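Comments concern the structure below.
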Amino acid sequence: MIDKELIGPPGSPERALLDRLDLGRMPRHVAVIMDGNGRWAKQRRLPRVEGHRAGIASVRATVETAARLHLDALTLYAFSTENWKRPHLEVATLMTLLKEYVRRELATLLANDIRFRVIGRIDQLDSSVRKALQEALDATAHCKGLVFNIALSYSGRAELADAARRIAEEVAAGTLRPEDVGEDTLASRLYTAGLPDPDLLVRTSGEVRISNFLLWQIAYAEIYFTNTLWPDFRAMDFLEAIADFQKRERRFGLVTEPEPAVHRT
Ligand code: IPE
Ligand code: IPE
Ligand code: MG
């Protein structure tokens, strides 16, 4: 049972919106492209890294809300393989913020039974970052609630290439037959193996593109774009995205209404 009090006390706008949601039709997995930190900082004449720092409060609010809504999984796009090409100072600051976040948040993740996971080319991360991530992975491995997935040094195309390479290796080793390679074979070799595909993909900051995120997994996701910049994103914005999701009719290629009878004269 969702404890609505935790998300919005009676009389709050969060509660009013929550009361309008159909709790029986919640997305199981929500993925978020957290964008707009640089623009948020620029609007305030601050260095870009201050936007990243401010974005941490949004991460905290989003993870907390996802857990309180009892979603199965939340995947946050924090750093793409392309983002390595940003100025050195910005990349270094992002990595420091990530380490700090993981260490500071561990107790909260455990208290909320949240299982931490990381997807992406983790081997490209600095060893001190990998160590901080590994500590959180190990400490939360037993947790049974929300799966909180963070995409780091992530590229959807690289993920598909990695899966293809693994399949090729198995075929070469004789443990997999080419005729047995199907959609499930590929899905089970992606970084997200075992997780349901996202039902809802949110992108902040007004950009209307996918930027190489979860290319395979979003085949039938509903996509929600908002102009809100990531550092301004809070529980209310998350609930608005879910309310919009619930207005959509998911068809998966089918027809949902019977054909009207054709009257021939
Ligand atoms: C998203 O914010 C964070 C990362 C991609 C790491 P940006 O840094 O892309 O912010 P904008 O798009 O420049 O405003
Ligand atoms: C996408 O944002 C990557 C993350 C949010 C981590 P970008 O800001 O890097 O994407 P583009 O450059 O606008 O496509
Ligand atoms: Mg951006």
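Just so you know, all these numbers are worked out from the coordinates, no wet-lab data involved. Note that the structure is a prediction, hence the values are computed from the model and not measured. Quick reminder, even Gly has a Cβ in these numbers, built from the backbone with ideal geometry, and neighbours come from all protein chains shown.
Please report the relative contact order for the chain, taking Cα pairs under 8 Å with a sequence separation of at least 6, and give it as a percent rounded to a whole number. Write down the numbers at each step before the final one.
Working: 389 pairs, mean separation 70.7, N = 265.
It rounds to 27 percent for the chain.
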ask   = Where in the chain are the DSSP H helices whose alpha-carbon span along the long axis reaches 15 Å or more and whose Kyte-Doolittle mean is at least 0.0?
value = 88-111, 235-247
request  = Would you count, across the chain, every pair of lysines whose alpha carbons are under 28 angstrom apart, provided the pair is eight or more residues apart or spans two chains?
outcome  = 9
key: Overall form of the stretch 1-78 per C-alpha gyration tensor (a/c, 1.5; a/b vs b/c)   = prolate
Point-to-point label distance, Arg248-Ala57, nm (Cα→Cβ direction, 7 Å offset) = 3.0 nm
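Where Lys and Arg each count +1 and Asp and Glu each count -1, what net charge lies around Val63 among other residues with Cβ under 13 Å from its Cβ?
Details: positive: Arg60, Arg68, Arg104, Arg115, Arg117, Arg234; negative: Glu64, Glu105, Asp113.
Spelling it out: positives minus negatives among the neighbours equals +3.
Would you please put 26-36, 107-117 in order of how densely packed they are, using the mean number of other Cβ atoms within 10 angstrom per residue and starting with the highest?
Values: 26-36: 23.0, 107-117: 17.0.
Put in order of decreasing packing, that is 26-36, 107-117.
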query = Simple spin-label model, 7 Å along Cα-to-Cβ: Ala219 to Arg45 in nm?
reply = 5.2 nm
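Checking the a/c ratio against 1.5 first, then a/b against b/c, what shape does the Cα gyration tensor give for the stretch 156-265? The partial results should precede the final answer.
On the way: a/c = 3.12, a/b = 1.24, b/c = 2.51.
Here the stretch 156-265 falls in the oblate category.
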The stretch 22-168: C-alpha gyration tensor shape, a/c 1.5 cut-off, then a/b vs b/c = rounded
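Net charge around Leu229, counting only other residues with Cβ within less than 9 Å of its Cβ (Lys, Arg = +1; Asp, Glu = -1)?
Numbers: positive: Arg39; negative: Asp35, Asp232.
Its environment carries a net charge of -1.
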remark   = DSSP beta bridges in the chain: the antiparallel percent, rounded to 5, is 0 percent
remark   = Debye calc, one equal point scatterer per Cα of the chain, no solvent, log10 I(q)/I(0) at q = 0.10, 0.17 1/Å comes to -0.56, -1.47
ask   = Which net charge results when you count Lys and Arg as +1 and Asp and Glu as -1 among the other residues whose beta-carbon is under 12 Å from that of Asp113?
value = +3
